[in-house]
Amino acid sequence: MSILILGGTSDIGSEIATLTCDGQDVILAARRPEATRELADNLKARGATSVHTLAFDATAVNSHRELVTTARELAGDISLAVVAFGILGDQERAETDEAHAVEIATVDYTSQVSMLTVLADVLSHQSSTSTIVAFSSIAGWRARRANYVYGSTKAGLDAFCQGLSDALHGTNVTLIIARPGFVIGSMTTGMKPAPMSVYPHDVAAAVVNAYTTTTSAKSKSTTLWIPGRLRLLAWIMRIVPRPIWRKMPR
Ligand SMILES: NC(=O)c1ccc[n+]([C@@H]2O[C@H](COP(=O)([O-])OP(=O)(O)OC[C@H]3O[C@@H](n4cnc5c(N)ncnc54)[C@H](OP(=O)(O)O)[C@@H]3O)[C@@H](O)[C@H]2O)c1
């Protein structure tokens, strides 16, 4: 059985790989394969049976099925697939540069939909159980003036994933939908941490805990707020009047 990380240089994806690699064949699919060397060495030191790196451009949606097929040829059935690629983008630029707005929408929605569709199809035809992890965000819960392009992709992706988890109900595939808040890492470099910020390791630990539960207890797909208390903030977010809401910072 193998672990497939899509976005092999992602902070969160790397942490999940680190926590789950012991005794596993790991495939790192990355648009900069050369940047995965240190992680690959680290995973081997932590007990990964093998680590393969594949070149992967998420926007080349026609390559997604072939990539997953190649991963299975290299390392056998996939037990855990983590869809960890994504970009925050530049909201200010996206408001006047439609190509950049489309780039954000493509990486954070269209490409995710494509890859999740391929994974759900391929993994549901495997004989063993497996888990897919997708990353929504608090940013998609209620779109904010300050980052509505990225936020809208997460809202769409979250809705897609809720439907997909229902479609997978009763199959041998479970879907973990992670909804982190602000994560202090590469994606948010230079930004002031928001309340209830977490680190990539915290997100990975919550996801891996859910993964372990789904595999050991044969439980169903799940949606995770990370940290859990973000659920309360999310409830409050929905009732903030719009004149106040539109002034909210990123
Ligand atoms: N960080 C946060 O605050 C936060 C909060 C909520 C949700 N999330 C979501 O969690 C997921 C993981 O985030 P993270 O914090 O791990 O981000 P990260 O460290 O910035 O990693 C993003 C990954 O996406 C890859 N990527 C971007 N565009 C790509 C493309 N066209 N093709 C292939 N790979 C591409 C990056 O590759 P390169 O290294 O080559 O750029 C990198 O591996 C994302 O979906 C993100 O939206 C993050």
- Message: What's the total number of residues in segment 178-237 that are assigned to a strand (DSSP E or B), within 10 Å of the ligand (Cβ to nearest atom) and out of contact with any Phe, Trp or Tyr (no Cβ under 8 Å at 6 or more places or on another chain)?
- Response: 1
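Residue-wise test of (1) surrounded by fewer than 19 Cβ atoms within 10 Å (Cβ to Cβ); (2) touching an Asp or Glu at 6+ places or on another chain (Cβ under 8 Å).
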residue: Tyr148; (1), (2): yes, no
residue: Asn172; (1), (2): yes, no
residue: Ile177; (1), (2): no, yes
residue: Met187; (1), (2): yes, yes
residue: Tyr199; (1), (2): yes, no
residue: Thr212; (1), (2): yes, no
- Task: Among the residues of segment 142-200, count how many are at positive phi and without any contact (Cβ under 8 Å) to a residue 24 or more places away in the chain.
- Result: 2
- Inspect segment 114-125 for any residue being farther than 25 Å from Ala29 by Cα and crowded, with 16+ Cβ neighbours inside 10 Å and give the result as yes or no. no
- Query: Which residues, taken from segment 126-143, are farther than 21 Å from Thr20 by Cβ and open to solvent by 30 Å² or more (accessible area, probe 1.4 Å)?
  - Reply: Trp141, Arg142, Ala143
- Message: It is to be established whether one or more residues within segment 106-125 are over 15 Å from the mean Cα position of the chain (by Cα), within 10 Å of the ligand (Cβ to nearest atom) and among the charged types (D, E, K, R).
- Response: no
- Task: Working only within segment 81-106, note down all residues that are among the hydroxyl-bearing types (Ser, Thr, Tyr) and open to solvent by 70 Å² or more (accessible area, probe 1.4 Å).
- Result: Thr96
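The values are calculated or read from the model by the stated rules, or taken from the named source; none is laboratory data. Quick caveat: nothing in here was measured; it's all calculated off a predicted structure. Quick reminder, even Gly has a Cβ in these numbers, built from the backbone with ideal geometry, and neighbours come from all protein chains shown. Heads up: the accessible areas ignore ligands, DNA and RNA and are worked out on the full protein's heavy atoms, side chains in. Shrake-Rupley method; radii C 1.70, N 1.55, O 1.52, S 1.80 Å.
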